[in-house]
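Only one structure is covered here, and it is reproduced in the block below.
The values are calculated or read from the model by the stated rules, or taken from the named source; none is laboratory data. Note that the structure is predicted; figures quoted are calculated from it, not measured. No Cβ is skipped: glycine too gets one built from the backbone with ideal geometry, and neighbour counts run over all protein chains shown. The area values use the complete protein model at the heavy-atom level, side chains included, leaving out ligands, DNA and RNA. Shrake-Rupley method; radii C 1.70, N 1.55, O 1.52, S 1.80 Å.
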There are 2 protein chains.
Amino acid sequence: MAWLTATYLIDAPADLIEARAHALALEQSVECPLAAIGDERVLDEIVARVAAIEAVAEGRYRVDVDIAVETTGGEPAQFMNMIFGNCSLWEDVRLTGVDLPPSLLAKFGGPRHGIAGIRALVDAPERALTSTAMKPQGLPTDALARMCRTFALAGVDIVKDDHGIVDQPASRFAERVVACQRAVAEAAQATGKRTAYAPNLSGTPRVLRARAQIARDAGVQVVLVAPMLIGLPAFVDLVAEFPDFAYLAHPSAGGGRIAPELLFGRLFRLFGADATIFTNYGGRFSYPPAECAALAESARAPWGNLRPTLPVPAGGMLLDRVDELLDFYGLDTMLLIGGNLLIARDALLERTREYVAKVAGHGSAAVGIHA
Amino acid sequence: MAWLTATYLIDAPADLIEARAHALALEQSVECPLAAIGDERVLDEIVARVAAIEAVAEGRYRVDVDIAVETTGGEPAQFMNMIFGNCSLWEDVRLTGVDLPPSLLAKFGGPRHGIAGIRALVDAPERALTSTAMKPQGLPTDALARMCRTFALAGVDIVKDDHGIVDQPASRFAERVVACQRAVAEAAQATGKRTAYAPNLSGTPRVLRARAQIARDAGVQVVLVAPMLIGLPAFVDLVAEFPDFAYLAHPSAGGGRIAPELLFGRLFRLFGADATIFTNYGGRFSYPPAECAALAESARAPWGNLRPTLPVPAGGMLLDRVDELLDFYGLDTMLLIGGNLLIARDALLERTREYVAKVAGHGSAAVGIHA
């Protein structure tokens, strides 16, 4: 009998928390009253169990629930169903952690490349990494490819599509991928520095596969994917079918009642994200610094045999904050600065060079947190 | 230029709501400062626009944002990205509504069968419908098939797998589908009443397709799918590839910052759900009656050329409440009662007959809300 442990924060009065926790354990396993179960094996081996209840604040409890690994079937959709299916509908419950046995870690496999793989791709063994985004959507392909070339000439490690750019009339996927891949290749010839272009892979599973093939044929090595938009199970299929890509995960549509640290730091890693974009503190989003640090730590810290995932703080980041952010996150980090470069307009090349130089320069002075 | 309108509830102080609303419009379209945009067409035709801001409570505003249809690319993942991608990460924002132009409604297509199609399948043109679930997971196939036969002999319209039953060692999908399909066929021969068995389709897209083929080959006509577990885009592919199935949508993993009425009543319908299960008021879940009524109404009300979706209240429902619930929801409703039948154990057949009789009896007295 193998069990996994899922951890929840439950808001409840002290006199009701025990009942609430047990109700959650039933909801997340057999989903019926115990009185309806006549089978001893089901009672012993299938019904989830409340393992711990701990008060963390007035009216808020941390609850550990042991869930039988057997019930997950070793499949991503059913695994998510078991840890946060029906109880995602309970407004007083948040999912904050999972502790998984080695069998499940091995089943899902984690990143195929991880931090070391991405570093090798862009030829940057030690310093912090840089990334940026081509935006806004609505620009024609030639404008996007020009922007991509400029970023590459400035020496950015990864240039990604904005996650809103897919296959709209203004810039068709197949055309853009070829144009941008050519742009980074030409820039590399000019500068000797390798930049990876990461197209945004989105769509229904059938469309996703067709686009992944187009990208592979064009020589793409890194792709951007929003797992919660395409669906975690589709992400798992994609990673399995196209293991040569390094996957840069985007958090879009990931808001809700799963703690960001768990979803973006741990679950995306579990399912194969080599790098994970998350919204940095002090930008357009509201995660507090401690949550950002915990997220980066979840992505990088030892976890069974899973490779570490590269944390990518993003979201309204400013060039002026490069040193502060690298002090905070350490060198096993990739910064993602987009809009704050693009406001330079005609001086985009110079401003991007400044970004690249700041990040490279920081590497020589500070000591990062290595995983 | 076609625009869709997305409606949000935003929590903000009065002096900040305007800035917050405009920030959301940028976040959900170009995702960069306006100062970074030099292209006139993008400013005119791509940047989303705040259409209305209305106070609904102290510190809470209803905000309508017009989003260019072009930006959705007519694709489900990107459509979700545009209406609730990055701003799903804003804890002060909820998505509560969408108003879509006919072009998008036609693109996604809605239910292929709808209420009339499901009624035809189970030969019940007017009365309210009945459904139940085989549970708990962990039982072997023969026990589940026996349960399925008992439900069918009692005359239930749709008998579904519990949504936690997938392809675990205790009951393999391929074996269970054949056994349960045979059970309902035999029961129909004995009673003359048609019952549909709805297996739970889950898995990554590749697995999902293989299971759908197994189900089709076995003669299955109705399937259970949790769109938020398999991913909305995978759901869209499934409906397109297997249009002959009637789809019974399950809300698992659908909790978060999209209003239940919108997600389960409207978006599931948009993407092809013929029936939509939701958590009823007064059961194990906390939706208030008004929200349940609005959800049922969203599922059934006229919406462009989309067929109506059958509302299926569920979640800790009691046999004693049949009349109350049918008075509340009307006859174009399918009740889903599981655990409250199963507690009868050896008297399952009798208790299920009582359920079926209550629902059928109600039909002769009450007037339902027809869509």
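Would you kindly work out, in nm and rounded to one decimal, the distances from the label point of B:Arg60 to those of the same position in each other copy, ordered shortest first, with label points 7 Å along Cα-to-Cβ?
2.0
Taking R0 as 35 Å, what's the FRET efficiency between B:Glu45 and A:Ala240 from their Cβ-Cβ distance, rounded to 0.05?
Approximately 0.35, to the nearest 0.05.
Can you give the Rg to Rh ratio of the range A:124-229, both from alpha-carbon atoms, with Rh computed by the Kirkwood formula?
Looking at the range A:124-229, the ratio lands at 0.96.
Select the chain A residue whose beta carbon lies nearest to the rotation axis carrying chain A onto chain B, and write the distance in whole Å.
A:Gly231, 1
Skipping prolines and chain starts, which residues have an amide H placed within reach, meaning under 5 Å, of the one on A:Asp161, given they are 5 or more residues away or on another chain?
Those qualifying (amide H under 5 Å, at least 5 residues apart or on another chain) are A:Met134, A:Ala198, A:Asn200.
May I ask you to derive the relative contact order of the range B:241-318, considering only C-alpha pairs under 8 Å and at least 6 residues apart, and to give it as an integer percent?
Dividing the mean separation by the residue count of the range B:241-318 yields 33 percent.
Per the helix-only calculation at 222 nm, which mean residue ellipticity applies to the protein assembly as shown, given -39500 (n - 2.57) for every DSSP H run of n ≥ 4 and division by its residues, nearest 500 deg cm²/dmol?
Calculated from helices alone, the mean residue ellipticity at 222 nm is -11000 deg cm²/dmol.
Keeping all protein chains in place, calculate the accessible area per residue for chain B (probe 1.4 angstrom), answer in Å².
34 Å²
Anyone know which of B:Leu326, B:Leu100, B:Leu201 comes out most mobile in the 10 Å Cα GNM of chain B?
Ranking B:Leu326, B:Leu100, B:Leu201 by mean-square fluctuation puts B:Leu100 first.
Kirkwood Rh, the protein assembly as shown, all Cα pairs: how many Å?
26.4 Å
Tell me the relative contact order for chain B as a rounded percent, counting alpha carbon contacts under 8 Å between residues six or more apart.
Once divided by the residue count of chain B, the mean separation gives 16 percent.
Mind checking the range B:1-76 for GluC sites (Glu not before Pro) that DSSP puts in a loop (not H, G, I, E or B) and that have at most 12 other Cβ atoms within 10 Å?
Filter output for the range B:1-76: B:Glu58.
From the protein chains alone at 1.4 Å, what is the descending order of accessible area for A:Asp123, A:Asp44, B:Asp217, B:Asp66, largest first?
Per-residue accessible area, sorted high to low, gives B:Asp217, A:Asp123, A:Asp44, B:Asp66.
Percent relative contact order of the range A:160-315, based on C-alpha pairs within less than 8 angstrom and at least six residues apart?
Over the range A:160-315, the number comes to 17 percent.
List the accessible area buried at the contact between A and B, summed over both sides and calculated with a 1.4 Å probe, in Å² to the nearest 100. Present the calculation step by step, with values, prior to reporting the outcome.
Details: alone 15500 and 15520 Å², together 24890 Å².
When A and B are taken together, about 6100 Å² of accessible area is lost.
Please list, in order, the residues from the range A:150-169 whose amide nitrogen is less than 17 Å from a point placed 7 Å along the Cα→Cβ vector of A:Asp142.
Residues A:150 qualify, since their backbone N sits under 17 Å from the label point.
How tilted is helix A:141-153 with respect to the longest principal axis of chain A? Cα atoms for both, answer in degrees (0 to 90, nearest 10).
Around 80 degrees separate the two axes.
What spacing in nm lies between the two simple spin-label points modelled at A:Leu318 and A:Ala14, each 7 Å away from Cα in the Cβ direction?
Placing both labels 7 Å beyond Cα along the Cβ direction yields 4.6 nm.
Of the candidates A:Leu89, A:Leu310, A:Leu232, which one comes out as most mobile in a Gaussian network treatment of chain A with C-alpha springs shorter than 10 Å?
Ranking A:Leu89, A:Leu310, A:Leu232 by mean-square fluctuation puts A:Leu89 first.
Could you sort A:Tyr247, B:Tyr281 by accessible area so the largest value comes first, with the probe set to 1.4 Å? Show your work: numbers first, answer last.
Working: A:Tyr247 5, B:Tyr281 25 Å².
Ranked list, largest accessible area first: B:Tyr281, A:Tyr247.
Say we join alpha carbon atoms closer than 10 Å with springs in a Gaussian network model of chain B; which of B:His22, B:His163, B:His250 then has the biggest fluctuation?
With Cα springs under 10 Å in chain B, the top fluctuation among B:His22, B:His163, B:His250 is at B:His22.
Between copies, how close do the A:Asp44 label points come, placed 7 Å along Cα→Cβ, listed in nm from shortest?
List, nearest first: 7.5 nm.
Output, in nm with one decimal and in ascending order, the distances from the A:Pro302 label point to the matching label points of the other copies (7 Å from Cα along Cα-to-Cβ).
Result, one decimal in nm: 6.7.
What angle do you read, to the nearest 10 degrees and between 0 and 90, between the alpha-carbon axis of helix A:17-27 and the longest principal axis of chain A?
Its long axis makes an angle of about 80 degrees.
Hey, rough spin-label estimate for B:Gln189 and B:Arg216, points 7 angstrom out along Cα→Cβ, what's it come to in nanometres?
So the label points at B:Gln189 and B:Arg216 sit 2.7 nm apart.
In the calculated pair distance distribution of chain A, what percentage of Cα-Cα distances lie above 28 Å? Please list the in-between numbers first.
Working: 31820 of 68635 pairs.
So the portion of pairs separated by more than 28 Å is 46 percent.
List, by residue number, every residue in the range A:188-220 with a reduction of 40 Å² or greater in accessible area between the chain on its own and the complete protein assembly, 1.4 Å probe.
A:Thr204, A:Pro205, A:Arg206
Quick check: the distance between the Cα centres of the range A:31-87 and the range B:159-204, to the nearest angstrom?
Each part reduced to its Cα centre gives a spacing of 24 Å.
Can you give the Rg to Rh ratio of the range A:211-352, both from alpha-carbon atoms, with Rh computed by the Kirkwood formula?
Ratio value, two decimals: 0.98.
Along Cα→Cβ, 7 Å out, is where each label goes; now give me the distance between the ones at A:Ala290 and A:Asp92 in nm to one decimal.
Using points 7 Å along Cα→Cβ, the separation is 2.4 nm.
Distance check, please: which entries in A:Lys160/B:Lys107; B:Lys107/B:Lys160; A:Lys107/B:Lys135; A:Lys193/A:Lys358; B:Lys160/B:Lys193; A:Lys135/B:Lys107 exceed 23 angstrom between their Cα atoms?
Violating the 23 Å Cα-Cα cut-off are A:Lys160/B:Lys107; B:Lys107/B:Lys160; A:Lys107/B:Lys135; A:Lys135/B:Lys107.
Using only C-alpha atoms and all pairs of different ones, pull out the Kirkwood radius for the range A:21-111 in Å with one decimal.
Answer for the range A:21-111: a Kirkwood hydrodynamic radius of 14.2 Å.
Carbon and sulfur: what percent of the protein assembly as shown's accessible surface (1.4 Å probe)?
Solvent-exposed carbon and sulfur of the protein assembly as shown make up 52 percent of the total.
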